[in-house]
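Report on the following structure.
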Amino acid sequence: MKPIAALVLKDLAIELRRKETVVSMAMFGLLVMVIFAVALQSATLATEGDPINNAAADLWVALTFAGVLGLNRSLAIDLDNDALQGLLLAPVGRGALFVGKVLSNFLFMLLAAALVLVLFVVFNNLVLDGRLLWVVLLTVLGTFGFSGVGTILAMVASNTRMREVMLPILQIVLTLPMIMSAVGATASVLGDGNPGTLFVELVVAFDIIFFVVSYLVFEYVVEE
Amino acid sequence: MMDAPAIQAEGVAKTYGRFSALRGVSMTLEAGAFLTLFGANGAGKTTFLKIVATLARPTHGRLRVGGFDAAERPEEVRRRIGFLSHNTGVYRDLTPLENLRFYSRLYGRDDGDPALEALLERVGLEDRRHDAVRTFSRGLLQRVGLARVMLHRPALLLLDEPHTGLDARAVAILNAMLDEAVEGGRTVVVTTHDLELGLRAATRVEILDRGRIVYSGSGDADGARAAYDRHIRREAAP
């Protein structure tokens with residue numbers, strides 16, 4: 001546990017100093033949220049539909065793009081000056097390094113997601129009830145899966161020439177089924193208060209699969 | 001494991017796609033030796049050090065470090081090595097002291113600040129210990145990297161062209177630390193293009209050429225110089 005804690009504390013110390021990863025993720029997420037909310041509200045007004053139907057999609061688009069941005073920034077800190085090599089030289093199992101990095105990314109994404117959720121509540125006139133708790137839980141679950149697979153994909157993308165482009169492509173393609181499940185569950189909750197067991201189970205299943213597979217292949221991804 | 005050779009390589013080869021970076025390197029380096037590894041650019045020096053440091057896996061061959069098989073016991077190997085490459089592996093947004101605190105925790109040591117500050121004093125950074133590393137010159141950065149490498153008192157030091165970009169004071173600090181390390185019974189492996197710096201303290205010299213060891217000898221300056229002229233200067237000649 002010590003090396004994992006050391007890694008998370010180190011990332012937190014750097015983030016507190018730079019204030020870049022969480023702030024840029026949150027700002028980007030908020031921007032996407034505003035643009036989508038305005039666009040979708042205009043569209044639903046024109047068709048006399050209920051804007052809440054599109055709110056779930058709005059939330060997850062914002063979280064997805066903000067997450068990709070955060071993963072890129074998080075990895076850039078470790079690649080600068082080849083600090084990643086310093087980590088890999090430590091007598092610590094590759095698994096512990098992976099878990100530490102996932103926890104940092106998860107924490108930063110959660111902080112950004114909290115700010116995005118505040119705007120989401122305001123835009124959709126939600127009240128603090130069971131529906132909102134479900135939305136928060138789904139956000140935590142989705143964010144964890146996203147961080148797990150994103151950490152390994154960021155490492156894979158770092159070995160390519162166009163890593164800023166490669167990461168979003170890999171990340172969005174791979175997490176699409178989980179995002180669809182999360183959107184489905186969030187839309188169901190916002191609709192009738194019931195998230196739909198199948199959707200939630202799918203999100204949890206993707207979390208487990210993403211984390212376990214990424215954990216197992218991490219060693220091979222970071223080694224030459 | 002106490003009397004085990006520092007490095008024991010048997011037919012170590014490494015290929016990247018169709019390019020062979022190492023073509024069957026075999027050597028036994030006794031503990032306490034100071035090995036200088038010469039070679040032109042692309043000779044395979046960095047690849048060899050990365051394999052010893054467990055950062056790269058050999059395509060063929062076996063490697064033991066301090067008696068531990070690098071493929072089977074990589075964490076034991078890492079515990080015993082300190083590797084400094086062209087990049088120093090320190091975080092630019094942290095201060096030297098914060099970097100050392102982080103690596104100390106990562107190595108499970110939890111050295112107190114006085115010990116870390118003493119190490120920074122050793123590399124001449126006592127006055128800059130609270131400054132962000134991002135404000136440092138190449139030479140100062142290299143000194144932070146050196147402190148990081150020395151932090152856990154590794155039995156085997158692997159330094160890839162450590163003198164590059166250093167001013168005279170930094171070179172003197174580095175040489176003094178390497179001399180101390182060898183006097184303390186530790187093993188040092190240095191790669192360099194600089195013949196005089198390389199021969200300064202070497203007890204053993206190897207020359208790599210296109211992934212193969214083409215010269216292996218003691219620190220005998222005349223023999224090493226002749227081999228250097230034969231294998232490296234001739235290659236570099238227009």
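Here are the numbers:
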read-out	value
Residue in segment A:72-95 that is at pLDDT below 80 and buried (at least 16 other Cβ atoms within 10 Å of the Cβ) present	no
Close pairs from segment A:1-20: first within 10 Å of chain B (Cβ to nearest Cβ) and in a helix (DSSP H, G or I), partner among the polar types (S, T, N, Q) and buried (at least 20 other Cβ atoms within 10 Å of the Cβ), Cβ under 7 Å, at least 6 apart	A:L7/A:S104; A:D11/A:S104; A:E15/A:T21
Flag if A:S188 is closer than 17 Å to A:I52 by Cα, out of contact with any Lys or Arg (no Cβ under 8 Å at 6 or more places or on another chain) and in a helix (DSSP H, G or I)	yes
Only one of A:A55, A:A66 that is within 19 Å of the chain's Cα centre (by Cα), closer than 18 Å to A:I179 by Cβ and at pLDDT 90 or above	A:A66
Strands (runs of 3 or more DSSP E) wholly inside segment B:151-238 containing at least 2 residues that are surrounded by fewer than 18 Cβ atoms within 10 Å (Cβ to Cβ) and on the phi > 0 side of the Ramachandran plot	none
Near pairs, Cβ below 7 angstrom, 6+ apart or cross-chain, from segment A:71-91 (facing another protein chain (nearest Cβ under 8 Å) and closer than 10 Å to B:V90 by Cα) to any residue that is of a type in the set (A, V, I, L, M) and in a helix (DSSP H, G or I)	A:L87/A:L97
Neighbours by Cβ (under 9 Å, 6+ apart or cross-chain): first from segment A:157-181, free of Cβ contacts under 8 Å to residues at least 12 places away in the same chain; second exposed (fewer than 13 other Cβ atoms within 10 Å of the Cβ)	A:M166/A:T160
Lone qualifier among A:V203, A:V118, A:V156 - being under 18 Å from A:G67 (Cα atoms) and surrounded by 21 or more Cβ atoms within 10 Å (Cβ to Cβ)	A:V203
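The values are calculated or read from the model by the stated rules, or taken from the named source; none is laboratory data. Everything numeric in this text was worked out from a predicted model, so none of it was measured. Heads up, the Cβs are rebuilt from the backbone with ideal geometry, glycines too, and the neighbour counts pull from every protein chain shown.
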